[in-house]
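Read-outs throughout are calculated quantities, based only on the coordinates presented, and are distinct from any laboratory measurement. Being a predicted model, the structure only gives us computed values, none of them experimental. Here the Cβ positions follow ideal geometry from the backbone for every residue, glycine too, while neighbour counts run over all protein chains shown.
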Amino acid sequence: MKDMTAANLRSAFGGESQAHMRYKIWADVAEKEGFANIAKLFRAVSFAEQIHATSHFAVLKDVTGAFVVTSMAGFGIGRTKDNCAGAVAGEQFEINEMYPTYKNTAEFQAEKNAERSFLWALETEKEHAKLFLKAKEAADKKQDTSFKKIYVCRVCGYTHEGEPEGKCPLCGAPREKIEVFEC
């Protein structure tokens with residue numbers, strides 16, 4: 001694997017791993033503040049971020065050794081409305097800067113598995129940003145979201161509100177590979 005793509009995969013792995021844990025923590029905050037559905041959204045997206053981290057790590061299966069990993073990560077535990085705003089900002093960074101650059105580099109370096117892993121994460125982060133924006137708007141009004149169910153593909157992490165039509169719209173995984181988070 002080319003060095004630049006491998007470094008990008010390590011950075012993405014670090015960022016997704018931190019997002020996974022940050023969203024679990026923020027879910028607990030939302031629950032304590034009485035936002036049960038926003039808490040479930042944070043848990044669903046946390047699960048998706050774990051899938052992205054696992055995908056990036058799996059692409060690196062032949063790369064061994066210890067590496068310093070630099071990745072963008074938001075810190076702080078605020079109120080739910082602030083945590084939702086932080087989540088939107090983090091997802092937008094991945095959408096607008098990180099994943100397009102990483103995907104283009106992998107494509108240029110003919111690293112097809114890395115390119116696919118970055119594409120799956122990029123397309124999913126777009127959905128995360130939309131969902132967190134809805135959650136922020138509700139929390140700003142001191143209300144919970146009206147989400148009924150959040151669906152997460154266990155293969156690619158694709159996350160969306162509403163019943164999927166058969167298979168995953170991103171990776172084509174069958175319906176039985178889609179996890180349901182009841183809100």
Determine the sum of side-chain charges near ALA19: Lys and Arg each +1, Asp and Glu each -1, restricted to other residues whose C-beta is under 9 angstrom from that of ALA19. -3
Extending each Cα 7 Å along its Cβ direction at VAL180 and ALA36, get the distance between those two points in nm, one decimal. 1.7 nm
Kirkwood Rh (inverse of mean 1/r, distinct Cα pairs), the chain, angstrom: 16.5 Å
How high is the FRET efficiency from LYS2 to ARG79, r the C-beta distance, R0 35 Å, rounded to 0.05? 0.20
Whole-number percent relative contact order across the stretch 3-148, with pairs defined as alpha carbons under 8 Å at least 6 apart: 31 percent
Taking the chain as a Gaussian network, where each spring joins two C-alpha atoms under 10 Å apart, which residue of GLU125, GLU165, GLU137 fluctuates the most? GLU165
Taking LYS32 as the anchor, which lysines have their alpha carbon closer than 26 Å to its alpha carbon, excluding any fewer than eight residues away along the same chain? LYS24, LYS40, LYS81, LYS130, LYS134, LYS136, LYS141, LYS142, LYS148, LYS149
DSSP H segments from the chain that extend 27 Å or more along their own axis, Cα-based, with Kyte-Doolittle mean of 0.5 or above: 36-59
About its Cα centre, how strong a charge dipole does the stretch 83-183 have in debye, to the nearest 20, once Lys and Arg get +1 and Asp and Glu get -1 at the Cβ? 200 debye
Under unit Cβ charges (Lys, Arg +1; Asp, Glu -1), what dipole magnitude, rounded to 20 debye, does the chain have relative to its Cα centre? 260 debye
Which value in deg cm²/dmol, rounded to the nearest 500, describes the helix-derived mean residue ellipticity at 222 nm for the chain, given -39,500 (n - 2.57) per DSSP H run of n ≥ 4 and division by the residue count? -20500 deg cm²/dmol
Listed residues THR70, LEU60, TRP26: farthest to the positive end of the dipole of the chain (Cβ charges): TRP26
By how many nm would the segment from LYS112 to LYS149 grow when fully extended, if each residue of separation counts as 0.36 nm and the alpha-carbon distance is taken off? 10.0 nm
Could you calculate the FRET efficiency of THR101 with LYS24 from 1/(1 + (r/R0)^6), where r is the beta carbon distance between them and R0 is 22 Å, rounded to 0.05? 0.20
